[in-house]
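Colleague: Have a look at this one before I ask anything.
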There are 2 protein chains.
Amino acid sequence: MPQIINGQQIAEAMRAEIAAEAGAFLAETGSRPGLTVVIVGTDPASQVYVRMKGKAAGKAGFASATIELPEDTPEAELLGVVEGLNADPSVHGILVQLPLPKHIISQRILMAIDPAKDVDGFHPVNVGRLSIGDSTVLAPCTPAGCIEMLLRSGHDPAGKHVVVVGRSNIVGKPVALLLLRTSKGGNATVTVAHSRTPDLGAITRQADILIAAVGKAQIIKADMVKPGAVVIDVGVNRVDDAAHPRGYRLVGDVDFQGVSQVAAAISPVPGGVGPMTITMLLKNTLQAARQQLAEQLVTQA
Amino acid sequence: MPQIINGQQIAEAMRAEIAAEAGAFLAETGSRPGLTVVIVGTDPASQVYVRMKGKAAGKAGFASATIELPEDTPEAELLGVVEGLNADPSVHGILVQLPLPKHIISQRILMAIDPAKDVDGFHPVNVGRLSIGDSTVLAPCTPAGCIEMLLRSGHDPAGKHVVVVGRSNIVGKPVALLLLRTSKGGNATVTVAHSRTPDLGAITRQADILIAAVGKAQIIKADMVKPGAVVIDVGVNRVDDAAHPRGYRLVGDVDFQGVSQVAAAISPVPGGVGPMTITMLLKNTLQAARQQLAEQLVTQA
């Protein structure tokens, strides 16, 4: 059996570290790292995520707030809310839950968030800073979580050939850019493959480390993985399963059973990348709080 | 002999198109696309580049200006100059020639340029928009020039495996991001290799299209290239040559003689990517002028 890269366990260890650092921040400054999540409308999946984020932030000793706005909130009103949070020094991190209702242009809202408080890492300035390899940037949570899992399970990507399957803006491309940085967690040779790659198996079989982030249930089969490879599965897909009480179960982009026969290490779904994402959100909020504090001291000096 | 991808010829054809479009812009709006280049200090190489840019812009029918500032110009003064150009509606494109003197923080200057006028494509907002695959962004000139050369020589990268050697912020990473876009010139499977890649030849031999942008003279040898591959050489390196009047000659990152024996197509140095860079600067300036005009019409409506 391969090494199981247990995201739940890694996330718990990190959350304990983050809680300790949040305690130190409170002792030093008299205030807690502050995270505010904004949700517009009543999408049930979004509501679940937002509750999980609030709960995790509270448990880590953060000051956490959730602003819930009705589905028909005008764009201008939401922009006003974001500007208020930008101006509030007790709020270090702002997260606007996506997707937003159709009458709101998401990119306009993301652009309005102060990049220093953009703990999701989606503001173009932060995407740009990530792209140029800035090691102090607030990196998007899921890609940063993949890198943390690799490092904490003993699989430093430096000098390795990493194949990323998927070129999305929220996982594929940012994880590739993180892997190319010259700092810790980087220095990999990186290939990005996707739906337009003619012979996917020929590419994935070269991977020392394979990151699957394509959003198709179990498309990575055993014969597409080099024996001894490390596999990180970012996918979360529903497949029908009459035997399951909900009528479906969640599977990754990787055929776990089959690939387990060849891989040296593999992250499961669920219990892999999933728990890391919220953890990285907390880490970003703490980092944002530290950076805003430092900036404040410079301005006062 | 392989097909020679003649950058000089492609650039000349493009400049004729651009001059025609600049003429149409003048007829429609009564003003010319305006490019202003700012140079600080007396670095001879920079002065040559700036002169070439001004000359090319003038030849294409642009309104071109060069602002020359002394080496000891304070950062605040340079920022003031940039702000003046941002506010000037006759200036559609602003280029601050790098490198800047050491007492000036380049990133601060680049950040100050209005992203809509950033014809170099180095503002973090533009880097971010490039990264998320925005097809209307002002893309950096050398990487965009590589893509144009491929398309105009009949080598559409879509569905091909492109290996980029080099991960710089000005060529390697942006060309990889352009190749991953879902628009024209994109849809390639992309590998980025670099100085930390253990067996470079094993990676480069997979390339249907090989882009060398590493800045080391002739490191890509024939045995590192798959027979029938297309090779774009971005490198410009000086090698000593007593037989040459200047005492050196310019060579690329590719061993042209050797690689010509195996490649199906290859761009030479000089006369390859070089002439494309200034051409793409003109193209960006024209695009910026068009976009600013459209923006103005929206604001007035």
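Colleague: In the stretch B:185-218, which residue that is in contact (Cβ under 8 Å) with a residue 40 or more places away in the chain, of a type outside the set (A, V, I, L, M, F, W, C) and within 13 Å of chain A (Cβ to nearest Cβ) is nearest to B:GLY128 (Cα to Cα)?
Modeller: So the residue we want is B:GLY186.
Colleague: Can you tell me how many residues within the stretch B:1-42 are outside any helix (DSSP H, G or I), in contact (Cβ under 8 Å) with a residue 24 or more places away in the chain and either in contact with a helix residue (DSSP H, G or I) (Cβ under 7 Å, 6 or more places away or on another chain) or within 23 Å of B:LEU85 (Cα to Cα) (or both)?
Modeller: Just the residues of the stretch B:1-42 that are outside any helix (DSSP H, G or I), to begin with: B:1-6, B:30-42.
Restricting the remaining residues to those that are in contact (Cβ under 8 Å) with a residue 24 or more places away in the chain gives B:1-6, B:31-42.
After this cut, where a residue has to be either in contact with a helix residue (DSSP H, G or I) (Cβ under 7 Å, 6 or more places away or on another chain) or within 23 Å of B:LEU85 (Cα to Cα) (or both) as well, the list is B:1-2, B:5, B:31-42.
Number satisfying all stated conditions: 15.
Colleague: Hey, another quick one. Which ones in the stretch A:161-171 are crowded, with 24+ Cβ neighbours inside 10 Å and of a type outside the set (Val, Ile, Thr)?
Modeller: Hit for the stretch A:161-171 is A:ARG167, nothing else.
Colleague: Further question: Being assigned by TED's automatic domain parsing to the domain that holds A:THR66 and either in a helix (DSSP H, G or I) or charged (D, E, K, R) (or both) is true for just one of A:VAL81, A:VAL125. Which residue is that?
Modeller: A:VAL81
Colleague: B:ILE278 is checked against (1) over 27 Å from A:ASP199 (Cβ atoms); (2) of a type outside the set (Ser, Thr, Tyr); (3) part of a loop (DSSP other than H, G, I, E, B) and fails just one. What number does that condition carry?
Modeller: (3)
Table: residues versus (1) within 30 Å of B:ALA229 (Cβ to Cβ); (2) in contact with an Asp or Glu (Cβ under 6 Å, 6 or more places away or on another chain); (3) at pLDDT 95 or above; (4) not assigned by TED's automatic domain parsing to the domain that holds B:HIS155.
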site: B:ILE5; (1), (2), (3), (4): yes, no, yes, yes
site: B:PRO33; (1), (2), (3), (4): no, no, yes, yes
site: B:PRO44; (1), (2), (3), (4): no, no, no, yes
site: B:GLY58; (1), (2), (3), (4): no, no, yes, yes
site: B:SER64; (1), (2), (3), (4): no, no, yes, yes
site: B:PRO70; (1), (2), (3), (4): no, no, yes, yes
site: B:THR73; (1), (2), (3), (4): no, no, yes, yes
site: B:ALA76; (1), (2), (3), (4): no, no, yes, yes
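Colleague: Quick check: anything in the stretch A:252-260 closer than 30 Å to A:ALA20 by Cα, out of contact with any Asp or Glu (no Cβ under 7 Å at 6 or more places or on another chain) and either within 14 Å of chain B (Cβ to nearest Cβ) or part of a loop (DSSP other than H, G, I, E, B) (or both)?
Modeller: There is no residue in the stretch A:252-260 that is closer than 30 Å to A:ALA20 by Cα, out of contact with any Asp or Glu (no Cβ under 7 Å at 6 or more places or on another chain) and either within 14 Å of chain B (Cβ to nearest Cβ) or part of a loop (DSSP other than H, G, I, E, B) (or both).
Colleague: Tell me the residue from B:ASN126, B:ASN187 that is touching a Leu at 6+ places or on another chain (Cβ under 6 Å) and modelled with pLDDT of 95 or more, please. Reasoning before the result, please.
Modeller: Values: B:ASN187 fails: touching a Leu at 6+ places or on another chain (Cβ under 6 Å).
Step by step, each of B:ASN126, B:ASN187 is checked, and only B:ASN126 is touching a Leu at 6+ places or on another chain (Cβ under 6 Å) and modelled with pLDDT of 95 or more.
Colleague: Among the residues of the stretch B:141-169, which ones are without any contact (Cβ under 8 Å) to a residue 40 or more places away in the chain and within 11 Å of the chain's Cα centre (by Cα)?
Modeller: B:PRO143, B:ILE147
Colleague: Any residue at all in the stretch B:139-147 that is of a type outside the set (S, T, N, Q), over 27 Å from B:LYS216 (Cβ atoms) and more than 10 Å from chain A (Cβ to nearest Cβ)?
Modeller: No, the stretch B:139-147 has no match at all.
Colleague: Another question about this same structure. What is the one condition in (1) in contact (Cβ under 8 Å) with a residue 60 or more places away in the chain; (2) not in a loop (DSSP other than H, G, I, E, B) that A:ARG249 does not satisfy?
Modeller: Looking at each condition in turn, A:ARG249 falls short on (1).
Colleague: Being β-branched (Val, Ile, Thr) and in contact (Cβ under 8 Å) with a residue 24 or more places away in the chain is true for just one of A:VAL239, A:VAL254, A:VAL298. Which residue is that? Write out each step before concluding.
Modeller: Working: A:VAL239 fails: in contact (Cβ under 8 Å) with a residue 24 or more places away in the chain; A:VAL298 fails: in contact (Cβ under 8 Å) with a residue 24 or more places away in the chain.
Of A:VAL239, A:VAL254, A:VAL298, the one residue that is β-branched (Val, Ile, Thr) and in contact (Cβ under 8 Å) with a residue 24 or more places away in the chain is A:VAL254.
For (1) charged (D, E, K, R); (2) in contact with a Gly (Cβ under 7 Å, 6 or more places away or on another chain); (3) farther than 26 Å from B:LEU281 by Cβ, each residue gets a yes or a no:
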{"site": "B:ASP118", "(1), (2), (3)": "yes, no, no"}
{"site": "B:THR142", "(1), (2), (3)": "no, no, no"}
{"site": "B:HIS161", "(1), (2), (3)": "no, no, yes"}
{"site": "B:VAL165", "(1), (2), (3)": "no, no, no"}
{"site": "B:GLY215", "(1), (2), (3)": "no, yes, no"}
{"site": "B:ASP223", "(1), (2), (3)": "yes, yes, yes"}
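Per-residue answers, yes or no, for (1) more than 30 Å from B:VAL190 (Cα to Cα); (2) polar (S, T, N, Q); (3) crowded, with 17+ Cβ neighbours inside 10 Å:
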site	(1), (2), (3)
B:MET52	yes, no, no
B:ALA60	yes, no, yes
B:PRO74	yes, no, no
B:SER90	yes, yes, no
B:ILE105	yes, no, no
B:CYS141	no, no, yes
B:GLY154	no, no, no
B:GLY159	no, no, no
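Colleague: Considering only the stretch B:173-184, state which residues are surrounded by fewer than 24 Cβ atoms within 10 Å (Cβ to Cβ) and over 12 Å from B:SER131 (Cβ atoms).
Modeller: Once the filter is applied, which keeps residues that are surrounded by fewer than 24 Cβ atoms within 10 Å (Cβ to Cβ) and over 12 Å from B:SER131 (Cβ atoms), the stretch B:173-184 yields B:THR182, B:SER183, B:LYS184.
Colleague: Given A:VAL225, A:VAL269, A:VAL236, which one is crowded, with 20+ Cβ neighbours inside 10 Å and within 18 Å of A:PRO143 (Cα to Cα)?
Modeller: A:VAL269
The values are calculated or read from the model by the stated rules, or taken from the named source; none is laboratory data. As the structure is a prediction and not an experimental result, all values here were calculated from the model. Note that we place each Cβ from the backbone using ideal geometry, even for glycine, and neighbour counts take in every protein chain shown.
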